[in-house]
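> This is the structure I have questions about; it appears just below.
The values are calculated or read from the model by the stated rules, or taken from the named source; none is laboratory data. These numbers were taken from a predicted model, which means no experiment stands behind them. Methodologically, a virtual Cβ is constructed for each residue, glycine included, from the backbone with ideal geometry; neighbour enumeration extends over all protein chains shown.
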Amino acid sequence: MLIEFAPLNVPFERRCQTAAVLFFSFFFLFAPPLSVIFTIYLLYTSYWWIIALYFVWFIYDYRTPERGSRPSSWLRGWKVWKYYANYFPIKLVKTADLSPEHNYIIG
């Protein structure tokens, strides 16, 4: 009942893809509860004013997504997004011509 690790001859590109998926999986699992715990902790320390400033920023910034948000080109240019997308290989196979005059639900 041993753990089987990936062979050493796995290409570097595939290792980067796996690392990107692991990073985002752990980030989305652990960041929310850790953020709540950290916020509650800060409220009971002498750094409560950081949470107060964040709350003011939250109120000020609340409607930003409705106004188009704040696009960030440097964040969009990260290589990690390519690694993440390439981890899940998909192919689009055209099986029929679709008229642009109609609406379609594809799922």
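Quick grid of which residues meet (1) in a loop (DSSP other than H, G, I, E, B); (2) of a type outside the set (Val, Ile, Thr); (3) in contact with a Gly (Cβ under 7 Å, 6 or more places away or on another chain); (4) at pLDDT below 90:
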position	(1), (2), (3), (4)
ALA31	no, yes, no, no
VAL36	no, no, no, no
SER46	yes, yes, no, no
ILE50	no, no, no, no
ILE59	no, no, no, no
LYS82	no, yes, no, no
VAL93	yes, no, no, yes
ALA96	yes, yes, no, yes
HIS102	yes, yes, no, no
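> Here's a check for you: in segment 1-58, which residue that is aliphatic (A, V, I, L, M) and in contact with a Phe, Trp or Tyr (Cβ under 8 Å, 6 or more places away or on another chain) is farthest from VAL80 (Cα to Cα)?
This residue is LEU42.
> Taking the conditions exactly as written (modelled with pLDDT of 90 or more and either loosely packed, with under 10 Cβ neighbours inside 10 Å or within 21 Å of the chain's Cα centre (by Cα) (or both)), does PRO89 satisfy them or not? Break it down into steps so the answer makes sense when it comes.
Numbers: modelled with pLDDT of 90 or more: no; either loosely packed, with under 10 Cβ neighbours inside 10 Å or within 21 Å of the chain's Cα centre (by Cα) (or both): yes.
Considered against the rule, which asks whether it is modelled with pLDDT of 90 or more and either loosely packed, with under 10 Cβ neighbours inside 10 Å or within 21 Å of the chain's Cα centre (by Cα) (or both), PRO89 comes out as no.
> A further question follows. Cβ-Cβ distance below 7 Å, separation of 6 or more or different chains: which pairs start in segment 1-27 with a residue that is closer than 21 Å to LYS79 by Cβ and end on one that is of a type in the set (A, V, I, L, M)?
Taking only residues 6 or more apart or on different chains, the pairs are ALA20/VAL80.
> Exactly one of (1) among the charged types (D, E, K, R); (2) assigned to a loop (DSSP other than H, G, I, E, B); (3) surrounded by 10 or more Cβ atoms within 10 Å (Cβ to Cβ) is unmet by ARG70. Its number?
(3)
> What pairs come out if I take residues in segment 78-90 that are in contact (Cβ under 8 Å) with a residue 24 or more places away in the chain and pair them with residues that are of a type in the set (S, T, N, Q) and part of a helix (DSSP H, G or I) whose C-beta lies under 8 Å away, six or more apart or interchain?
Partner pairs satisfying both residue conditions: TYR83/GLN17; TYR84/GLN17; ASN86/GLN17; TYR87/GLN17; TYR87/THR18.
> Any residue in segment 46-75 that is over 17 Å from VAL36 (Cβ atoms) sitting within a Cβ distance under 8 Å of a residue that is assigned to a loop (DSSP other than H, G, I, E, B) and at pLDDT below 90? List the pairs, counting only those 6 or more apart or interchain.
Correct list of pairs: THR64/ARG70.
> Confirm whether ALA52 is more than 24 Å from the chain's Cα centre (by Cα) and at negative phi.
Values: more than 24 Å from the chain's Cα centre (by Cα): yes; at negative phi: yes.
It is true that ALA52 is more than 24 Å from the chain's Cα centre (by Cα) and at negative phi.
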